[in-house]
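Here, each number is a calculation from the coordinates, and none is a lab measurement. All values derive from a computational prediction rather than experimental measurement. For neighbour counting, all protein chains shown are included, and Cβ atoms are generated from backbone atoms with ideal geometry for every residue, glycine included.
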Amino acid sequence: MLNASAGTGTTPTLDVKLQHSDDNSTFADVTGAAFAQVTSDSGTAGVQVLKLNVSDLKRYLRVIGTIAGTSPSFDFGAEFVGIKKAS
């Protein structure tokens, strides 16, 4: 889950994706785990949710946020929520 404010600055953008690793040293992008780009447009700010199959993920996860633009600023946070389905 990604919670992000609208950006400030000139043409600010925020790209957020998930990466995973077996050893917490070498990370790779998780397929299908990139959030929609957040901009200064309030239509892209707020909460975004990705649903992934936990069995496809490696032991270690991290969030990568890339901010671009002229004097860009964003407030954002990410949270992992796991749900175990009954058999």
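Each of Asn53 and Ile83 was given a label point 7 Å from its Cα along the Cα-to-Cβ line. The distance between the two points is 1.7 nm.
Taking the alpha carbon gyration tensor of the chain, multiplying each eigenvalue by 5 and rooting it gives semi-axes of 27, 15, 9 Å, largest first. So which aspartates and glutamates can Lys85 reach, going by Cα to Cα under 20 Å and dropping same-chain residues fewer than 8 places off? List returned: Asp56.
Report the relative contact order of the stretch 2-78, percent, no decimals, based on alpha-carbon pairs under 8 angstrom and at least 6 residues apart.
51 percent
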